[in-house]
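These notes concern the structure reproduced below.
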Amino acid sequence: MIKLQNVEKVYRTSSIETLALNNINLNVKKGEFISIMGPSGCGKSTLLNIMGLLDEPSQGTIEIDGSRVESYRDKELAHLRNQKLGFIFQSFHLINDLSVLDNVEIPLLYRTSSAKQRRELAQEALEKVGLSNRMKHFPKQLSGGQKQRVAIARAIVGRPEIILADEPTGNLDSVMGNEILSILKKLNEDGATIVMVTHDDAMAKQTHRLVRLFDGTQVQ
Ligand code: ADP
Ligand code: ADP
């Protein structure tokens with residue numbers, strides 16, 4: 001589903017070069033749930049951003065669902081991202097002056113023209129994460145775990161085949177973190193391919209496979 005071959009990422013600023021990823025070869029199969037672990041600065045976010053087509057590698061190739069993307073233009077990348085990928089971040093990234101329902105509808109603005117259909121899909125996504133009783137709330141009226149559930153609803157509302165989650169439980173206590181993991185596991189059982197960055201060994205153990213990075217190199 002996601003295939004990286006010989007991926008290298010070098011960040012260049014005026015005087016410094018950082019090798020953030022060094023010759024990564026990774027094949028995430030359809031239906032897999034994998035964890036990425038490693039110390040701070042080892043390249044986890046860079047790897048996730050490259051898988052999510054948010055950043056380009058300096059070397060190497062990326063395939064998403066069989067399509068090699070290096071020749072794609074920005075517009076085609078944005079389209080592919082919108083069709084195939086859902087993102088979840090540690091700090092939720094909700095828009096504070098939009099209601100829960102309006103936040104969840106955002107990804108559909110680019111692809112579903114009917115307001116009624118957007119509303120129905122958003123309601124369905126919120127039901128999946130157990131938040132149908134909070135649709136009219138605003139983010140500041142929610143607990144951290146609830147905010148992350150809204151963010152998950154927003155990530156899945158377009159029914160992406162791939163979910164990329166960057167420390168989705170990093171800002172949550174263990175009870176809420178486990179609730180979020182349960183939701184992700186359910187989405188995976190329903191067919192989503194999931195890549196999750198985590199610092200939590202117990203959570204990584206509940207996924208199918210662990211990829212460990214050290215200093216930009218895959219060590220497991
Ligand atoms: P992690 O997510 O594992 O903490 P990152 O992928 O954020 O690691 O970063 C990997 C390395 O690349 C780090 O050494 C970091 O300082 C460097 N880095 C990340 N983003 C940039 C950037 N935009 N410019 C320069 N260096 C960066
Ligand atoms: P937690 O203890 O899980 O962090 P909170 O105590 O923040 O949760 O909230 C408990 C419940 O009250 C939540 O379901 C939340 O949706 C609701 N809530 C919290 N703040 C507000 C508010 N300002 N307006 C309306 N509902 C709120």
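For segment 1-30, which positions are surrounded by 15 or more Cβ atoms within 10 Å (Cβ to Cβ) and assigned to a loop (DSSP other than H, G, I, E, B)? Answer for segment 1-30, where residues must be surrounded by 15 or more Cβ atoms within 10 Å (Cβ to Cβ) and assigned to a loop (DSSP other than H, G, I, E, B): just Met1. In the set (1) surrounded by 22 or more Cβ atoms within 10 Å (Cβ to Cβ); (2) touching a residue at least 60 places away in the same chain (Cβ under 8 Å); (3) not in a loop (DSSP other than H, G, I, E, B), Lys185 fails one condition alone, (1). If the condition is being within 14 Å of the chain's Cα centre (by Cα) and assigned to a loop (DSSP other than H, G, I, E, B), then segment 49-74 contributes Gly52, Leu53, Leu54, Asp55. Tell me, which residue of segment 95-137 that is of a type in the set (A, V, I, L, M) and open to solvent by 30 Å² or more (accessible area, probe 1.4 Å) is farthest from Val195 (Cα to Cα)? Going through the qualifying residues, I end up with Ala115.
Out of segment 188-205, which residues are open to solvent by 80 Å² or more (accessible area, probe 1.4 Å) and either under 14 Å from the mean Cα position of the chain (by Cα) or within 16 Å of Gly31 (Cβ to Cβ) (or both)?
Glu189, Asp190
Candidates Lys84, Lys75, Lys44: the one that is away from ligand 1 (no atom under 16 Å from the Cβ), farther than 20 Å from Ala153 by Cα and not assigned by the TED database to the domain that holds Gly145 is Lys75.
Within segment 96-117, which residues are in a helix (DSSP H, G or I) and within 18 Å of Asn133 (Cα to Cα)?
Restricting attention to segment 96-117, the residues satisfying the condition of being in a helix (DSSP H, G or I) are 100-110, 115-117.
Within segment 96-117, Val100, Leu101, Asp102, Asn103, Val104, Glu105 qualify.
To keep it simple, each residue is scored yes or no on (1) assigned to a helix (DSSP H, G or I); (2) not assigned by the TED database to the domain that holds Ile34.
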site	(1), (2)
Val150	yes, yes
Arg154	yes, yes
Pro168	no, no
Leu172	no, no
Ile180	yes, no
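The values are calculated or read from the model by the stated rules, or taken from the named source; none is laboratory data. Please read all numbers here as calculations on a predicted model, not as lab measurements. We place every Cβ from the backbone using ideal geometry, glycine too, and count neighbours over all the protein chains shown. Please note that ligands, DNA and RNA were not included when accessible areas were found on the heavy atoms of the full protein model with its side chains. Shrake-Rupley method; radii C 1.70, N 1.55, O 1.52, S 1.80 Å.
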